[in-house]
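Down below is the structure, laid out as structure tokens.
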Amino acid sequence: MDFKALQAKMKELDRKKPIIYKLNTQAEKEILTKTIKLNEEVGELCNDTLSVLKLQRKSKLDRFDKRNFYEEFADVLITTIQLANAAGVDIERAINDKLNKIEERYHKDH
């Protein structure tokens, strides 16, 4: 199947069962926006990780500045907190609950 046929097939399938998003409130729009932004920041962190490991192509390695690596970690954390705020998530509670689960699993496995 070529790409034109694949695109036509996907359009046909989309017409049969369209995905309907109803973002009625500003809060819902903010959550979606922050989620997309978080994915962007994680992607940038991944790119810098490849650079730290010298796995990027030469043109990217030539432009790489390790200070950006630190900034990307900060961007991921800051954007995560912004998303948590938009979604009404208590970050401290979420982290403590997750750490407790991890510790329980660790103790079961050792």
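The values are calculated or read from the model by the stated rules, or taken from the named source; none is laboratory data. No experiment lies behind these values; they were computed from the predicted model shown. All Cβ positions, glycine included, derive from the backbone under ideal geometry; neighbour counts span all protein chains shown. Side chains included, ligands, DNA and RNA excluded: accessible areas come from the protein's heavy atoms. Shrake-Rupley method; radii C 1.70, N 1.55, O 1.52, S 1.80 Å.
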Can you tell which of Lys66, Lys34, Lys58 is of a type in the set (D, E, K, R) and either without any contact (Cβ under 8 Å) to a residue 12 or more places away in the chain or touching a strand residue (DSSP E or B) at 6+ places or on another chain (Cβ under 7 Å) (or both)? Lys58
Within the stretch 37-55, track down each residue that is open to solvent by 50 Å² or more (accessible area, probe 1.4 Å), without any contact (Cβ under 8 Å) to a residue 40 or more places away in the chain and charged (D, E, K, R). Glu40, Glu44, Lys54
For the stretch 13-27, give me each residue that is part of a helix (DSSP H, G or I) and open to solvent by less than 70 Å² (accessible area, probe 1.4 Å). Ala27
Would you mention how many residues in the stretch 1-43 are more than 17 Å from Ile81 (Cβ to Cβ) and either of a type outside the set (A, V, I, L, M, F, W, C) or touching a helix residue (DSSP H, G or I) at 6+ places or on another chain (Cβ under 7 Å) (or both)? 20
Check Val89 against each of (1) assigned to a helix (DSSP H, G or I); (2) among the hydrophobic types (A, V, I, L, M, F, W, C); (3) at pLDDT 95 or above and name the one condition it does not meet. (1)
Determine whether the stretch 93-103 contains at least one residue that is closer than 21 Å to Gln26 by Cβ, among the β-branched types (Val, Ile, Thr) and modelled with pLDDT of 95 or more. no
